[in-house]
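Laboratory data are not the source of any read-out in this text; all were calculated from the coordinates shown. Note that the structure is a prediction, hence the values are computed from the model and not measured. Cβ placement follows ideal geometry from the backbone for every residue including glycine, while neighbour counts extend to all protein chains displayed.
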Amino acid sequence: METSPRTGRIAAGVAASHPATAAAGLRILRAGGTAADAAVAAVFATCATETVYTGLGGGGFATYFDAASGEVTCLDFFVSVPGTDGDRSPGPMVAVDVFFGGVPQIYSIGGASVAVPGVPAGCGEVHRRWGRLPWESLLAPAYELAVTGVEMPAAHARTLAACATALAHGDGAAIYAPGGQLLRGGDRLFHPGLAAALEALAADGPALFYTGAYAALMVDTVRAAGGALGPRDLAAYRVLETPVDHAALGSYRVRARHDLNRTVDTIAALPSSLGCLPRPERAVTLAAALRDRGRQKIGDTTNVSVVDAEGNACVITTTLGLGAAVWLPGLGINLNSMLGEGELITADLAPGRRMSSNMCPLVVIDSSGALAVAIGSAGASRIRTALIDTLIGVLVDGLDMPAAIARPRFHVVDDTVHAEPGCRRDELEALAEAGWLVHEWAEINHYFGGVTAVGVGGAAGDP
């Protein structure tokens, strides 16, 4: 937790990756909820609206800015490694090919890929610390969406098509490919039983999933699918408060958790003269800072950013991975596949340990101590690229938030610059002259991340 003085205010707003998600958060703000209330309600809404990316069986991180005190707090409710019960060894995972940029990549799903979920506990802790409205009221919008189902945006349908071998595997086929046909943009996404699960969560609170009625069901379901998750794993799960990193970007201060891809460290390493450099020269400088030597995975993730009328901000990023294709019977809940995400498997993992992540919900504070931006992104290792490019657009180039998020981005892997359609020709030429290989993508693609932000330039979600 970190503190700074506070003056000034930006407009309240909600940014999310589905219109119904944003509407859920806005409804709670209008009912008098805090940014935390609205963000939690929006996260629950994602469990009905954005299930190709996230759900109650996943994990995530939250960053909260308290306008009155200037405190910034980061909470870790990401997944933990199961196996602390010590009575079960995981079986083999199920390998699936997922096409990413036209290239097949192997992921692993199944019961052995399921880690201890954190979304219910994390939302509960955010509400406990900073919420104002009753818990059950935060579940109401999500419950209503789960009853009716929601329209799937075309961008989500494209993700589904890329990840169908995982998402439409087993019980997921009836949800994502009813009648044998994958859902397309405009089709209704509906999870039978999810409304009942949300109703129970409203009544019983997050303990439902850790020591309550759903805990034993989750253990039995995962173990039947070859996983090692046990009752001790669930009962011992706790939300953690994690240190707040900080870096200067011009006159602004960026504050966030220390993520796997070192987003804040990258910002700190940018030259103070960045805003004065000609755009081609700046592109070369940024490429060097953003070089990523990790394997490029899809990383199905989503983000919610909220600012309330008092100037408080809450940014929450959550994920299921690809989803394990292990569904809680009759409840419409897919469990996470984080143990099948190869880039997250580190040498120090052991039962009970929290896994690492690239997710980095952050806030930016201006020179007076006031909130300037609340922002987060999907995109696995491209989260850092997407966040930094958007922050430069708003805080250095003076763009409004929709323009900054929508403008084409480039991402660097080893010696190659991957560029979205529409990137400036003079920048790409300068990068090529500096020795980078330039790969121009033919279409907009979720490879380049998915930013949602509220700040001095307004509120917007990524196209």
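Estimated from the Cβ-Cβ distance and a Förster radius of 22 angstrom, the FRET efficiency linking residue 416 and residue 105 is about 0.85. A cut-off of 5 Å between modelled amide H atoms, ignoring neighbours fewer than 5 places along the same chain, links residue 241 with 76. Computed from backbone phi, the HN-Hα couplings of the stretch 49-61 come to 9, 10, 6, 6, 10, 8, x, 5, x, x, x, x, 9 Hz, rounded to whole numbers (Karplus: 6.51 cos²θ - 1.76 cosθ + 1.60, θ = phi - 60°; Gly and Pro given as x).
Scanning residues 5 or more positions from residue 71 or on other chains, those with amide H under 5 Å from its amide H are 4, 66, with H placed 1.01 Å from N in the peptide plane. The alpha-carbon positions of the stretch 110-266 define a convex hull whose volume is 178 Å³ per residue.
The phi torsions of the stretch 268-285, fed into the Karplus equation with coefficients 6.51, -1.76 and 1.60 and a -60° offset, translate into couplings of 4, 7, 5, x, 5, 8, 3, x, 8, 6, x, 3, x, 5, 5, 4, 5, 4 Hz, rounded to whole numbers, with Gly and Pro shown as x.
Scalar couplings 3J(HN,Hα) for the stretch 379-393, obtained by applying the Karplus form with A = 6.51, B = -1.76, C = 1.60 to θ = phi - 60°, are x, 6, 5, 8, 4, 4, 4, 5, 5, 5, 4, 5, 4, 5, x Hz; x denotes Gly and Pro. Report the paramagnetic label zone for residue 30: residues of the stretch 120-143 whose backbone N is under 14 Å from a point 7 Å from Cα along the Cα-to-Cβ axis. Hits in the stretch 120-143 for residue 30 at 14 Å: 141. If you bin all the Cα-Cα distances of the stretch 327-374 at 10 Å, starting from zero, the percentages per bin are 19, 26, 25, 22, 8, 0. The relative contact order of the stretch 13-457 comes to 23 percent, based on Cα pairs under 8 Å that sit 6 or more residues apart. Highest-first packing order for the peptide set 155-164, 54-63 is 54-63, 155-164, based on the mean count of other beta carbon atoms within 10 Å.
Computed from label points 7 Å out along Cα-Cβ, the spacing between residue 173 and residue 154 is 3.0 nm.
Between residue 240 and residue 424, the contour length at 0.36 nm per residue exceeds the alpha carbon distance by 62.0 nm.
Here the stretch 186-227 is scanned for amide nitrogen atoms under 19 Å from the site 7 Å beyond the Cα of residue 89 along Cα-to-Cβ, giving 223-227. Scanning residues 5 or more positions from residue 418 or on other chains, those with amide H under 5 Å from its amide H are 411, 412, 413, 439, with H placed 1.01 Å from N in the peptide plane.
Here each label is just a point 7 Å from Cα along the line to Cβ, and for residue 407 and residue 347 those points are 4.1 nm apart. So what does the Cα-only Debye profile of the chain read at q = 0.07, 0.08, 0.09, 0.10 Å⁻¹, as log10 I(q)/I(0), no solvent term? At q = 0.07, 0.08, 0.09, 0.10 Å⁻¹ the computed log10 ratios are -0.31, -0.41, -0.53, -0.66.
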